[in-house]
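**Q** Following this message is one structure expressed as structure tokens.
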Amino acid sequence: MYRIGEEEVEEVRKVLLSGHLFRVGEGVEGHLHEVDRFEREWAQLIGTEYALCMAGGGTAALICGLVGMGIGPGDEVIVPGYTWMATATSVLAVGAIPVIAEVDETLALDPEDVRRKITPNTRAIIPVHMVGRPANMQALLEIAREHGLMVLEDCCQADGGSYRGKRLGSWGDAGAFSFNYFKIISCGEGGALTTSDRTLYERALVFHDGGAAFRPYAKELGIPVFVGIQLRADEVMGAILRVQLRRLDGILSDLRRIRKRFEQELSDAGLRIAPSNDPEGDCGVVVAFQFDSEAQARAFAGETGGWLPIDSGKHVYSNWEPLLQKRIMHHPDMNPFNHPRNQGLRTDYTPDMCPRTLDILQRTVFLSLHPDWSEEEVSRRIEVCRKAVKEAVAV
Ligand SMILES: Cc1ncc(COP(=O)(O)O)c(C=O)c1O
């Protein structure tokens, strides 16, 4: 979260004083319908027919997306080795098996490795737009079409970003967003699913609402109501998110302007900018540099306050210990690795299974940017980079 202030306070105040904090409130006098309104506004912004806001964060949105796609035991889903573990564990949550693939120099899922990892059991791909950087959606969608696979975009670190002029989360069959505290916009925790597929939406809607059978919308569903879990958003979330949404494009344009300044003003400094699948659509959360060696990357990061993605630990597949050791769920019969339909699927995880990913992550340096830096602050930081690169390449 980059910006928050009096506007959010005022909208939350209105919700609290209305006395209606539960999102369900058809015909209830004084109900502000903040979640309903946020969902309509988010769908419109992303460019999809539907948006479903929920508690439980981006993790819940990923799970709802997979539920919506009808993914389950017997299915393999390809995820990148550089992402937050929830991308992979959401697959396990629906009983399916995550297959971990390499990222390429853009830090996103490598289409060629996806191709290599497809088996007759593959049902879906989850491209992740890590640190606001769009994945290669064109190549990935082509592969998905060729093999009849579903595509669930993990947009959790890229709220509002785009690819080729269209927002992330509108390219695949569905998109999952996070609004947790560390994301571009936030209500503390929470997430959203976007899709234009009615059946996918209905399955996700029913799954996320433990009371689905008793809602007025149940009569309009084209699918039978089944028993899901409880992930409904509340009106306080909705109110905060509606203000955050209004801030989003301003945050993105400031981040992008600052990233461009770094890239343009350092273009003659001997730094290699990490290739991007869409520099215009990139959210500008970070500026990314690549070096020939880890030693050079560490020397540069040490001087500039940058960080190596390999050091983020939890976002690197080789550290996903409970997953690699197949310790899933609270009961052995609910562990997807024990499910009869998952026997014979690709579950041969090892910490060195994606060597290219590990190599790229240890030669990359991210500088985190802030949209509220003054022009002078940006100039000062650019000068620090200019000096640091000379020392780094000498290592
Ligand atoms: C790439 C990615 N996917 C999924 C998630 C899960 O989001 P949440 O923490 O809101 O459940 C995150 C959050 O850190 C993330 O960065």
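The values are calculated or read from the model by the stated rules, or taken from the named source; none is laboratory data. Please read all numbers here as calculations on a predicted model, not as lab measurements. A quick note on method: Cβ atoms are made from the backbone with ideal geometry, for glycine too, and the neighbour counts reach across all protein chains shown.
**Q** If you check residue 326 against the conditions, is it over 23 Å from the mean Cα position of the chain (by Cα) and assigned to a loop (DSSP other than H, G, I, E, B)?
**A** Against the criterion (over 23 Å from the mean Cα position of the chain (by Cα) and assigned to a loop (DSSP other than H, G, I, E, B)), residue 326 qualifies.
**Q** When you look at residue 55, is it surrounded by fewer than 24 Cβ atoms within 10 Å (Cβ to Cβ), in contact (Cβ under 8 Å) with a residue 12 or more places away in the chain, within 15 Å of the ligand (Cβ to nearest atom) and under 18 Å from the mean Cα position of the chain (by Cα), yes or no?
**A** Against the criterion (surrounded by fewer than 24 Cβ atoms within 10 Å (Cβ to Cβ), in contact (Cβ under 8 Å) with a residue 12 or more places away in the chain, within 15 Å of the ligand (Cβ to nearest atom) and under 18 Å from the mean Cα position of the chain (by Cα)), residue 55 qualifies.
**Q** Something else: Among the residues of the range 147-201, how many are among the hydroxyl-bearing types (Ser, Thr, Tyr), over 12 Å from the mean Cα position of the chain (by Cα) and within 10 Å of the ligand (Cβ to nearest atom)?
**A** Final tally of qualifying residues: 2.
**Q** Checking the structure you have, find out if any residue of the range 384-393 is out of contact with any strand residue (DSSP E or B) (no Cβ under 9 Å at 6 or more places or on another chain), closer than 30 Å to residue 185 by Cβ and modelled with pLDDT of 95 or more.
**A** yes
**Q** Suppose we filter the range 346-357 for residues that are part of a helix (DSSP H, G or I) and crowded, with 20+ Cβ neighbours inside 10 Å; how many remain?
**A** Qualifying residue count for the region: 1.
**Q** Say whether the condition of being within 18 Å of residue 58 (Cα to Cα), in contact with a Pro (Cβ under 7 Å, 6 or more places away or on another chain) and surrounded by 24 or more Cβ atoms within 10 Å (Cβ to Cβ) is met by at least one residue in the range 174-184. I'd like the intermediate steps shown before the answer.
**A** Initial filter on the range 174-184 (within 18 Å of residue 58 (Cα to Cα)): 174-184.
Still in the list and also in contact with a Pro (Cβ under 7 Å, 6 or more places away or on another chain): none.
There is no residue in the range 174-184 that is within 18 Å of residue 58 (Cα to Cα), in contact with a Pro (Cβ under 7 Å, 6 or more places away or on another chain) and surrounded by 24 or more Cβ atoms within 10 Å (Cβ to Cβ).
**Q** Please go through the range 68-85 and give me each residue that is crowded, with 24+ Cβ neighbours inside 10 Å and within 16 Å of the ligand (Cβ to nearest atom), ordered by number.
**A** Once the filter is applied, which keeps residues that are crowded, with 24+ Cβ neighbours inside 10 Å and within 16 Å of the ligand (Cβ to nearest atom), the range 68-85 yields 77, 78, 79, 80, 81, 82, 83.
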